[in-house]
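The structure under discussion appears below in the form of structure tokens.
Please treat every number below as a calculation from the coordinates, not as lab data. Treat the numbers as computed from the prediction; the structure is a model and nothing was measured. Cβ coordinates were reconstructed from backbone atoms using ideal geometry, including for glycine residues, and neighbour counts include every protein chain displayed.
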């Protein structure tokens, strides 16, 4: 499976046509949040997700907090926050919003259910906050600022892949925890082969 993954593009009005073109090489499109600038043009951008013409997974970022994700009505677009979806042999689990919060109690409470649900599946965790203690969460002036609850999920569920965002200085960073690959794919998007 090929995934077009991107995060934090902060589109002004519409989705970048270059991303739509790049999606032709993908089986699934994944956005790890912050696809708007503080919610501006939210409805137009949501409608544009249909232009990918692929199953599209959208996790909200901190710029989408307070937006109405019930507006996601496209046949191919799935909003994932504290939810999962199965595509083929893959279980995609999404957790969005936030950014610099150290812990999310509600995320940690979902781990046992997710472990049970993911048996026999290849898990892909899509989250807006970066993962604590990795190259995806490190800022020179602040150190590691990522999410410890996401780290706990990785250690217990052992997803094959984590797609995260939020820290734009770390676009393109790749790390791993055990066999789990962690990537911040950036705003231009990357094709990931899984």
Over the range 36-79, the set of residues over 20 Å from residue 22 (Cα atoms) and in contact (Cβ under 8 Å) with a residue 40 or more places away in the chain is 60, 61, 62, 63
Is it fair to say residue 33 is crowded, with 21+ Cβ neighbours inside 10 Å and at positive phi?
-> yes
Candidate set: the range 87-99, residues that are touching a helix residue (DSSP H, G or I) at 6+ places or on another chain (Cβ under 9 Å) and in a strand (DSSP E or B); chosen: the one surrounded by the most Cβ atoms within 10 Å (Cβ to Cβ) | 95
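In the range 141-150, what residues are in contact (Cβ under 8 Å) with a residue 24 or more places away in the chain and surrounded by fewer than 20 Cβ atoms within 10 Å (Cβ to Cβ)? Talk me through it step by step, then tell me what you get.
If we filter the range 141-150 for residues that are in contact (Cβ under 8 Å) with a residue 24 or more places away in the chain, which is where we start, we get 145, 147-150.
Answer for the range 141-150, where residues must be in contact (Cβ under 8 Å) with a residue 24 or more places away in the chain and surrounded by fewer than 20 Cβ atoms within 10 Å (Cβ to Cβ): 145, 148.
At least 2 residues that are farther than 20 Å from residue 173 by Cα and in contact with a strand residue (DSSP E or B) (Cβ under 6 Å, 6 or more places away or on another chain) in each: list the strands (runs of 3 or more DSSP E) lying fully within the range 1-75 that qualify.
Values: elements: 2-6, 28-31, 56-58.
Result: 56-58.
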Identify, please: which residue in the range 167-194 is in contact with a helix residue (DSSP H, G or I) (Cβ under 7 Å, 6 or more places away or on another chain) and crowded, with 18+ Cβ neighbours inside 10 Å and is, among those, nearest to residue 138 (Cα to Cα)?
-> 184
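Here are 18, 24: which of them is surrounded by fewer than 16 Cβ atoms within 10 Å (Cβ to Cβ) and without any contact (Cβ under 8 Å) to a residue 24 or more places away in the chain? So that I can check it myself, show each step before the final result.
Details: 18 fails: without any contact (Cβ under 8 Å) to a residue 24 or more places away in the chain.
Exactly one of 18, 24 is surrounded by fewer than 16 Cβ atoms within 10 Å (Cβ to Cβ) and without any contact (Cβ under 8 Å) to a residue 24 or more places away in the chain, namely 24.
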